[in-house]
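Since the structure comes first, as structure tokens, the remarks are kept for the end.
The values are calculated or read from the model by the stated rules, or taken from the named source; none is laboratory data. Computed from a predicted structure; not experimentally measured. So basically every Cβ, Gly included, is an ideal-geometry build from the backbone, and we count neighbours across all protein chains shown. Heavy atoms of the whole protein, side chains included, go into the accessibility calculation; ligands, DNA and RNA do not. Shrake-Rupley method; radii C 1.70, N 1.55, O 1.52, S 1.80 Å.
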Amino acid sequence: FGQVWQEWHSLNPPPKKGEIVEASQKKKKEDLDAEDLGRLLLEVKLKKNRASDAPDLILRVSVLEAKRLQPKPRSDSGDPYFAVEFEKVVKRTQVRFKQTLLERPTWSETFEFPAFSDRLDSVLMIRHMDQNEWTKDKC
């Protein structure tokens with residue numbers, strides 16, 4: 001408790017369960033770059049709630065910045081934002097308009113979610129979304 005965890009995360013979907021990539025199947029760096037959905041810098045902290053009422057913990061999630069976000073199809077820019085969900089509570093960052101692949105949009109937005117020590121197996125889900133798109137990319 002109280003420790004801050006900060007790390008870059010890939011927005012690419014994880015490999016399918018049981019999927020093994022052999023050395024002969026590995027792709028060239030150029031191919032990987034073309035398929036890369038980008039990276040997100042997150043900071044996560046779980047701390048004890050100082051208030052006497054429930055919940056007994058607070059999950060603090062900070063969306064700091066992103067890089068290499070893919071633009072909208074048939075466009076050279078996108079309007080990205082992130083939706084952060086924990087225990088069926090969804091909060092979203094502000095939209096960063098007209099971002100290209102080379103830009104590194106920053107948010108520095110922090111969200112707090114109530115958490116309970118008897119349910120520490122809950123899932124934190126972060127979705128990369130575009131203001132003008134119907135589809136979502138999960139990270």
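Tell me, yes or no, whether the stretch 112-126 has at least one residue that is under 21 Å from residue 7 (Cβ atoms), outside any strand (DSSP E or B) and at pLDDT 90 or above. Spell out how you get there, then give the answer.
Initial filter on the stretch 112-126 (under 21 Å from residue 7 (Cβ atoms)): 112-113, 115, 120-126.
Add one more test, that the residue is outside any strand (DSSP E or B), and what stays is 120-123.
Now narrow it down to the ones that are at pLDDT 90 or above: none.
Scanning the stretch 112-126, I find no residue that is under 21 Å from residue 7 (Cβ atoms), outside any strand (DSSP E or B) and at pLDDT 90 or above, so the answer is no.
Of the conditions (1) at pLDDT below 90; (2) hydroxyl-bearing (Ser, Thr, Tyr); (3) open to solvent by 80 Å² or more (accessible area, probe 1.4 Å), residue 75 satisfies every one except a single condition; which number is it?
Every condition holds for residue 75 apart from (3).
Just checking, how many residues over the stretch 78-89 are assigned to a strand (DSSP E or B), farther than 16 Å from residue 67 by Cα and more than 13 Å from the chain's Cα centre (by Cα)?
Step one: filter the stretch 78-89 for residues assigned to a strand (DSSP E or B), giving 78, 80-86, 89.
Filter again for farther than 16 Å from residue 67 by Cα, leaving 83-86, 89.
Applying the additional criterion that residues be more than 13 Å from the chain's Cα centre (by Cα) yields 89.
Selection size over the stretch 78-89: 1.
Output the residue which, of all residues in the stretch 50-72 that are in contact (Cβ under 8 Å) with a residue 12 or more places away in the chain and assigned to a loop (DSSP other than H, G, I, E, B), is farthest from the chain's Cα centre (by Cα).
Taking the stretch 50-72 and keeping what is in contact (Cβ under 8 Å) with a residue 12 or more places away in the chain, we get 54-72.
Still in the running and assigned to a loop (DSSP other than H, G, I, E, B): 54-56, 68-72.
Working: 54: 27, 55: 24, 56: 25, 68: 13, 69: 12, 70: 14, 71: 16, 72: 18 Å.
Among them, the one singled out is 54.
Run down 65, 43, 87, 109 and say which single residue is open to solvent by 60 Å² or more (accessible area, probe 1.4 Å) and under 22 Å from residue 9 (Cβ atoms). Outline the logic, then answer.
On the way: 65 fails: open to solvent by 60 Å² or more (accessible area, probe 1.4 Å); 43 fails: open to solvent by 60 Å² or more (accessible area, probe 1.4 Å); 109 fails: open to solvent by 60 Å² or more (accessible area, probe 1.4 Å).
None of the others qualify; the one that does is 87.
Could you list, in sequence order, the residues of the stretch 98-125 that are on the phi > 0 side of the Ramachandran plot and under 14 Å from the mean Cα position of the chain (by Cα)? Let's see the steps before the verdict.
At the first step, the residues of the stretch 98-125 found to be on the phi > 0 side of the Ramachandran plot are 98, 108.
Listed by number, the list holds a single entry, 108.
Just one of (1) out of contact with any His (no Cβ under 7 Å at 6 or more places or on another chain); (2) at pLDDT 80 or above; (3) open to solvent by less than 70 Å² (accessible area, probe 1.4 Å) trips up residue 33, so point out which.
(2)
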